[in-house]
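Taken together, the values in this text are just the output of simple stated rules run on the coordinates, not laboratory data. Since this is a predicted model, take the numbers as computed values, not measurements. Here Cβ is always computed from backbone atoms with ideal geometry, including for glycine, and neighbour counts include all displayed protein chains.
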Amino acid sequence: MNGQTLTCAYCGHEYPQDTPAAGSQVLTEHIKVCEQHPMRKATSDITRLRSALVRLIGTDTETELRQMEANIRLAHASEVDKAVSINAIHALLATLPSNFHAARAQHP
């Protein structure tokens, strides 16, 4: 670069001189701890919503969620009730810590 210093648009934190404007691990790490970055609220909201779904569904492990989905598909219940439960299970599967962090790493 040319000696420019980047600053966080949300908190004013200055990055080391010549830090690239995109794709830098320094930027990614700062976003994780920046209290004013919108990603912090999104992560907090996902955690809160996931916790509520776990309480409703009753489990949060991948194995148990997949087994529960199979059981729901075979249950004698309305298709609407099945769909609601299966959607909740899919949301929990998508936000399992390993899946959620992998997705965030691909799209920081």
Fill in the blank from the handout: Neighbours of residue 58 by Cβ distance under 15 Å: Lys/Arg at +1, Asp/Glu at -1, summed charge -1
Handout entry: GluC sites (Glu not before Pro) within segment 4-93: DSSP coil, no more than 12 neighbouring Cβ in 10 Å
Key = 35
Handout entry: Local electrostatic count at residue 48 - Lys and Arg +1, Asp and Glu -1, tallied over other residues with Cβ under 13 Å
Key = +3
Problem - Full-extension gain in nm, residue 84 to residue 40, via 0.36 nm per residue minus C-alpha separation - result: 13.0 nm
Practice task
May I ask you to derive the relative contact order of the chain, considering only C-alpha pairs under 8 Å and at least 6 residues apart, and to give it as an integer percent?
Solution key: 18 percent
Exercise for the section: Would you mind calculating the gained length between residue 10 and residue 32 on full extension (0.36 nm times residue separation, minus the Cα-Cα distance), in nm to one decimal? Expected result: 6.7 nm
Problem - Packing-based exposure ordering (other Cβ within 10 Å, fewest first) of 24, 98, 85 - result: 98, 24, 85
Completion exercise
For the chain, longest principal axis from Cα atoms; helix 97-106 axis from its Cα atoms; angle between them, nearest 10 degrees, is 40 degrees
Problem - Value of Rg/Rh across segment 41-106 [Cα atoms, Kirkwood radius] - result: 1.01
Completion exercise
Here the Kirkwood hydrodynamic radius of segment 1-69, Cα-based and in Å, equals 14.8 Å
Problem - Mean ellipticity per residue at 222 nm, deg cm²/dmol - from DSSP H runs of n ≥ 4 across the chain, formula -39500 (n - 2.57) - result: -20000 deg cm²/dmol
